[in-house]
Every structure is written in structure tokens, then in C-alpha cells.
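Presented below is the structure to which this report refers.
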Amino acid sequence: MTAPEVTDTAPAHAAAPAPSPSPGRTTLQHLRSLGSGPRGLTEAEAERRLARHGENVPPGTRPLSWPRLAARSLRDPFTAVLLCLGLVSATVAAWGTACVILVLVAVSCGLRSAGERRADSAMAGLRDLVATTATVLRRPGDDASGPPGEREIPVGQLVPGDVVRLGPGDLVPADVRLLRAQGLTVQQAAFTGESVPVGKHPVDLPADGESAHLCFQGGSVASGSASAVVLATGADTRFAADRRTAGARRAASAFDRSVHGISWTLIRFMLLTPPLVLMAGAALRGRGLETLPFAVAVAVGLTPEMLPVIVTTALARGSALLARTHGVIVKRLPALHDIGAVDILCVDKTGTLTQDRPDVDPDRTDPEALHWAAVSAWWTLQLAELPAPDALDEAVIDEALTADPDLIDAYDGVTALPFDPVRRLATAVVRRPGALGTVTLAVKGSVENVLERCALDDAERARLLARAAELSGDGLRLLAVATAERPARHRPYSTADERGLTFTGFVAFTDALVPTAAQALRDLGERGVTVKVITGDHPGTAARALRDLGLDPGDVRTADSLDALTDAELARLAHRTTVFARCAPAHKARIVTALRAGGETTVGFLGDGVNDLPALRAADVGICPRDAVPVARDTADIVLAEARRGDGPADRPGKDLTAIGHAISAGRHSSGNIATYLRVTLSSNLGNVIAMLSAGLLLPFLPMLPAQVLAQNLCFDAAQLSFAFDRPAAAALRRPSTLRPRDFLRFITGFGVLNAAADLATFGALALALHTRAGPGEAAFHAGWFTENLLTQGLVMLLLRTGRDGSGPLPRTPSPVRWAVAALAVVGIALPLTPVAGPLGMTPLPLFYYALLAAVLALYALALTAVKRRYLRQD
Ligand SMILES: Nc1ncnc2c1ncn2[C@@H]1O[C@H](COP(=O)(O)OP(=O)(O)OP(=O)(O)O)[C@@H](O)[C@H]1O
């Protein structure tokens, strides 16, 4: 079964090649060839180009057309197996069975396509709510000489020739060529697999094969800033070309492991059934190939052909409800299943558990360190043309300017090396006006990274590290600040210059915890989810935050202690550890991958920054708060709601971490309904198959005609669609909802045998009721079994609604399920009495049979309840 997910529909111009890097063309020549310039396009020209090139929609985000949906549902393994069985039937001229199979395929494909179409549009609507925008430079109207202005537009409206601005946390919105850049590094793991961001800069005359001046759609800005001209959009990008050749690659998620795992187990059974039936028929009754249609019908009887429809409907309904009631946006349908299955949730600290609205703590900040940190922050902001300061820089500048409003005028900026989460440093090179021969490097960053670049003796270094640990232990965030006087020079400054520095002091910040964080962590614990914190911050700060939130941080590990471990050692350690500190983006991803190894755990990652992207991708399900950086919102599978007003300052309502609990409940609810369908349909189908096999060997005629198999399958399938609207028991919501093939097999074997016993008892009842009757018993047998089948299926729907997790009281059966069961019972009893009965090969039955049937059903219901109770007790 394919994941019910919106996938690519290649637009008409899909065959267009990805852009060439244009070796030998200068930037200006390239701009001219695109009919653009450094000041961008006019609005009127952009509109014309949008009509010509189409929307800049990355592949995989357009709802599929009807023909593509139908083609995709035909590729579904269940459908493929059914079609194969149909083909086998046609080959031996069993036209009745072949037609039955064809109708089954048509109905399930039709229902599935309609369900997916609805789900696709609903998901597209939800994704639009958290869609990212791009900063574009355009001139108003058609006035090419007008002044350009910057504005935010939806990424979909970008056209070739547009000039865009990029800053940290931005998604590269199209394929672009850099016009200017400052300290730009781009994460482009999607193309090259490199987890480390790559430096990018403009090249006026690129050599053949050079690509430092190009950034591709799907990449993300890790640090620095740039302006760039758009070369290609939508289906013409390299991202689209890669997807066309390689397809979308994503590691198997919890959804793939469970729903797909179960599907493939069943398909193996289906494929094994016909040969087994043929062999049994030959061995026990000396039958030959004439048993084939019957053998095929038995295999068809095993198929849960509505599984894809139920999965799509249950997940789409759950996602829509979650968005409406709690503002949580699920961007990829299977992610709702996955969040319900999460048993380990990794979170970063800053901006997730804390507000990321730091305030300088003046009592524990060295004034000189604050001075140089502000100079560094201000000039980095100016020289690197960052669209906005990050939270620490903003706090530093505010505090320093309040103390000394002339601080900025005291220096001229020379160059800047902006912050990146791997170096954990930011440097500005400044000059005092008049001091022509020398410059000052103002360096700020994490304590360890700054101290290791300072000229210090070991004792002093140890003293400073101890002081930093003490401040962090109080929950403070820290910046270490250092400076260096250097002779001025023309050669560009690089990270190699950040050596032999003079330590200046620490700047300390308070960063309040998110008000809903403690409650959210408690909720997660009660729902059986283990929380781990993976942060770039100091171990002391992380441990203190966790303690303040009511959790025991245990032994805090720093990332450098993990580097020497093998993947297996890391996996063992990761399961024992609660807090990982000083993690670079690649460490975060490696820890998540280690936790997932073995496929026994489902791991979610909740993060909000550029440093969280690799981990968001590595997890089974990536989650981010609504105010995360754009690229995190774009990467995450689930975007959380904002808090209600009152949970944060008036201008920014803040994060609502309790929304994770709602998302988990919604996921478990949907998975619970899928599990109910699987339990009910599989035990009933297995029972039928056992009964059909026994009857097939005992009776001189086919126990069920192909048309009857069809009618019965369709009625049961239609009734079970109501499970998408079911309510699982409260107990099912209390722990991670993993659909394990092994658990299902255990469940369905027991209940399947019980169901077969009821069928065999019915055969006895039929023999008793019909033995006095003259005429062919075949049609009456078929009618009797048809009625009993639909009635027992209705009973199973009511009594097996909660299985493995249903130890609590059974929730009231929702009306769609009650109506569906009633309709099933009515059809089962009434159909053999209607004129349709004749063509279907059935006749009305004597009243006596109904009395016997009532007794069989009553006994079956009692046995079902008793076995279920025993099963739940053992579980
Ligand atoms: N703008 C900045 N300039 C210099 N140093 C910074 C800046 N921002 C953060 N740092 C330093 O780098 C360290 C790591 O930052 P990083 O962004 O990787 O993680 P974080 O935001 O502290 O934590 P989390 O991973 O929980 O979001 C910080 O603890 C801080 O000391």
C-alpha cells in the first residue's frame, strides 16, 4: 500500500532541463539573458512571467489529478494481487470470478481515489496555512525606472529573473545565482548528502563545473545573507529534476513499518492461499484445476481491500479535526499515524522549552564583554546584511545601547564572519575612526569555542570554565567574548584569524521557560512518551532547564564525547541518556538516527531552528512550533499551534507545547480506528476462509458462488468505512499506538477460529433446517450462510471494536458504526427474501432456520465476549 500522501504531478513543462550553471557568462550577462537586473523585475513583468512559467510549486505538493490517482491506486499491492488473481481466473475461463474481482477492484479504486482526492485537497489547504514566503525585490507596476522595494510574497509566485534576499533560516526558494553574499553557508544535504553547510559566494566568471555561486531549491541558509537572481522555478529546478530521476527518498517511517508491514504479511498469505487450496482439493477429494476459481475466491476473501480507504479517511479526518480544534497542522498524512506511535520525543531547548527571548542579566555580565559583544553583533548585522538579528544579538544590542547610546558611532565596520551553529562563533572586524593601521576582531560565541581560541594558560582556562559552569548551573545562557588587535590588511579575514585572542568576559542571559512546557512534559510522561533534550547549549543550562521543568536530567552528555562511539554504542547510550548538550546539527541527527536504529522505537523531533533541520529530517516525525524559522516550518511534518493570548507577551502569543499532546491523541485516535478495522476485517475474513475451506472439502458444491463473495464483501466493506468515525477506548490513547503485524496475527488467529466455529455451527443449523426440504439444497445453503455471515460480521464490528488496548470501559458506539451494523443486519436478513436473491443464486429459508441461527449467534456473542476478556487479561 502506498502512503496516502500528496505526491508529484509533473506539470506540462516537466521535461525542461534543470538550469545550467552558465559557465563563461558573467553575472551581468546572465542577468541580461534573464531580462532582469540587480534591481529585479517590475510587478507587471513578474505577472507576465508567472502566466508563462506557472507557479513555483516544488514537486510533491500539487494534488494529483483523477487519472493519476486512479493509476496510483492500481499500483497498490492489494489491487495488484487482486488483478493477478482476476487474470488467473480469466485464463481458466472462470469468467464469473474474474468479473467479481474486477468489480471489487473498481469499487475499491473508486472509493480510494475519491478519499485521497478529498484528503489531498484538505492537506494542501492545511499546508497553505504554514506556507513559507520569499523576500523579493520588485518595482511597482510597469515602471522599469521606479525605485525597487522589498516585499514578502508566497514562494509560489517567484519567477525567473526575480531578485531575492536570503537570510539565516530561509529556504532557498528556487534555483538562484548569487549577486552578493556575506558569510553565506547553505545546507544542501538534499542533493549532496553532505550534512555540513557549504560556503557559497558570487563568482563573476564561473569556470566549467563551478557551482559556488549557485544555490538550489530545497537547500536552506544555515548562516549569512545574500541577494540572488532566480534562474529556474517549479518543475525546471534541479530539485524537480532529481525527483523525476530518483523519486522522493525518505527512510521508512513508523507508518511504513506498521501499516505497510501488515499489508505485506497479508499479501504473502493471499498468494499462498490458492496453491494450498488446490493441493488440499487434489489430496483430499481428488479434484484438479476446476477448483481454481474457488481457490481464487478464498484468497480474495482474505483481502482487506478497503484498508487504503480507511487509512486515508481516518488520517485525513483526524488531521482536519486537529487543525480545527487545536490549530495543529499536519503536512504529511502518515505523520499523524507516526506521532501517535512516538515513544521517544527529542526536543531542542532554546526556542522550544524556553521562549528564546533572552534578557541580559546585568549583575552577572562583564561590562566590557557586553560592550564588545554589542559591537560584534551590530557590525555583523550590518555587514552581513542579515534581515534581522537573532535573539541573543538583539538582547545584547538593546542592553548595550541603553548604557551607551554612542557605542556604535565609535567604530567603523570592516568585515564580518556571521554566527553558524557548527563553529558556534561570530566575529566582526572593526576599526576605530582615525586608527588606520590597526583593526579589532570582536569575537563572541559559546564558552568552549571562544576559550579554545584565547591565549590562556591552563589554570586560567580551567577557572573560566568552572565560572561558566557555575553561571550555567543557575540556568543562565552564556556568551563568551574575546578580542584581538591586528594590523590592518587588504587580504580578506577568515576563521583562521580567530586565534590568539584576549578573553574579555562573559555576557549572561536569562531566558524564561515556555509557560506550557512543564505541563506538556508531564502530559508526555503520562502518555508513555520518553522525553530527551538535544541542545547546542551548555550542559549546565540544559540540565537546569530540565530540572526546573520537573524532570531529572541524569548524566548530561556533551556531543564531543559521542564522536568516538560506534553507531551501536551510541544507540545504547542514547537510550540511557536524557540530555545531550553542545550538539552541532549533525550530532542532533546522529542521535535521532541511533535512537531509531532497530526499528523498535518511533522517534519524534521537536525543534525550531536552522540547527535542527538534519534532526527534523532524520526523525520518524519532525515537529516545530508555529514561530520556528521558515525552513524548519517547511521541513517539519507537523506544525504546532500558537498559545492562546495571555500565555505570552501581548504582541507575540508564544508557543503552546500542550498542542503536542493533542497531536499525539489525534494520531492515536486515527491509528486506533485503523487497528479496529484491521482486527475486525481480518478475524472475520480469516474465519470465512477457514469455513470456506472446510465446506469446500465437505460439500459436493462450491460453498459460496463468486457473486455471493462479491455481494458479501461489498456490504461488509461499506459497513466498515464507518470505523473512520469511531472512538477508540480511552486506554488506547494512553500509550503509543504501534500497529505490529505480530500482535495482529495473534489476535486474528484466535478470533478467526472462533468465527469459523460459528460458521460451522451454522452449517449444522442449515443441515437441520433443510433436511426435510425437497429440491436442491445448494441455493438455500448459500442464502443461509450469506445471512449468517453478515450478521456475525455485524456482531464482530460491535464486539471487537476495542482490542489490545481496550482494557478500559468501551466507549459508546458512535452512530455511524451503529447505523452501519444495523444496515448490514437488514441486508443480511432481507436480501434472500427479495427478487435479487434468484440471480444471486439464493432462495428464501424456512423460519425454523432463523430460530436456530439466533441461538448460534447468541452463543457466538457470548464466546466472543469471553475470549476477548481473556485475551485482554493476558495482554
Ligand atoms: N548570535 C550568536 N553569536 C555568537 N554566539 C552565539 C550566537 N547564538 C548562539 N551562540 C552560542 O552558540 C551556542 C550554541 O548555539 P545553538 O544555536 O547551536 O544552540 P542553542 O540555540 O543554544 O540551543 P538549541 O539547540 O537548544 O536551540 C549557544 O549556546 C551560544 O553560546
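Derivation of every value follows stated rules applied to the coordinates shown; laboratory data play no part. Everything quoted here is computed from the prediction, not taken from an experiment. Reconstructed Cβ throughout: ideal geometry from the backbone, glycine too, with neighbour counts over all protein chains shown.
Per-structure values
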{"read-out": "Where Rh is the Kirkwood radius over Cα pairs, Rg/Rh for the stretch 450-539", "value": "1.16"}
{"read-out": "Mean Cα-pair separation over length for the chain, i.e. relative contact order, pairs under 8 Å, 6 or more apart, %", "value": "12 percent"}
{"read-out": "DSSP-defined antiparallel bridges as percent of all bridges, the chain, nearest 5", "value": "75 percent"}
{"read-out": "Dipole of the chain, positive end: most advanced residue of Leu74, Pro274, Leu126 [Cβ charges, Cα centre]", "value": "Pro274"}
{"read-out": "Cα-based reach from Lys532 at 16 Å (exclusive), listing aspartates and glutamates while leaving out same-chain residues under 8 positions away", "value": "Asp343, Asp348, Asp523, Asp548, Asp552, Asp555, Asp608, Asp612, Asp620"}
{"read-out": "Mean Cβ neighbour count within 10 Å, used as a protection proxy, ranking 588-594, 613-619 highest first", "value": "613-619, 588-594"}
{"read-out": "Charge dipole of the chain about the Cα centre (unit charges at C-beta), most positive-ward option of Asn449, Gln187, Pro839", "value": "Pro839"}
{"read-out": "Positive-pole candidate from Pro492, Leu471, Ala410, dipole of the stretch 359-510, charges at beta carbon", "value": "Pro492"}
{"read-out": "Rg/Rh for the chain, where both radii come from Cα atoms and Rh is the Kirkwood radius", "value": "1.07"}
{"read-out": "Gyration tensor verdict on the stretch 676-733 (Cα atoms; rounded if a/c is under 1.5, prolate if a/b is larger than b/c, oblate otherwise)", "value": "oblate"}
{"read-out": "Cα-based helix-to-principal-axis angle, 77-91 vs the chain, degrees rounded to 10", "value": "40 degrees"}
{"read-out": "Angle between the chain longest axis and helix 539-548 axis [Cα atoms, degrees, rounded to 10]", "value": "50 degrees"}
{"read-out": "Dipole magnitude of the stretch 359-510 about its Cα centre (Cβ charges: Lys, Arg +1; Asp, Glu -1), debye to nearest 20", "value": "740 debye"}
{"read-out": "Between the stretch 480-521 and the stretch 741-772, the Cα center-to-center distance that results, in Å", "value": "72 Å"}
{"read-out": "Alpha carbon convex hull of the stretch 359-510, volume per residue in cubic angstrom", "value": "108 Å³"}
{"read-out": "Principal-axis tilt of helix 658-698 within the chain, Cα atoms, nearest 10 degrees", "value": "30 degrees"}
{"read-out": "Length gained when the stretch Ser121-Glu368 is fully extended (0.36 nm per residue, less Cα-Cα span)", "value": "83.2 nm"}
{"read-out": "Cα Rg, Dmax, the stretch 73-128, angstrom units", "value": "15.2, 52"}
{"read-out": "Evaluated at q = 0.12, 0.14, 0.17, 0.23 Å⁻¹: base-10 log I(q)/I(0), Debye formula over Cα of the stretch 654-755", "value": "-0.54, -0.68, -0.88, -1.22"}
{"read-out": "Radius of gyration and Dmax over the Cα atoms of the stretch 530-638, both given in Å", "value": "13.2, 36"}
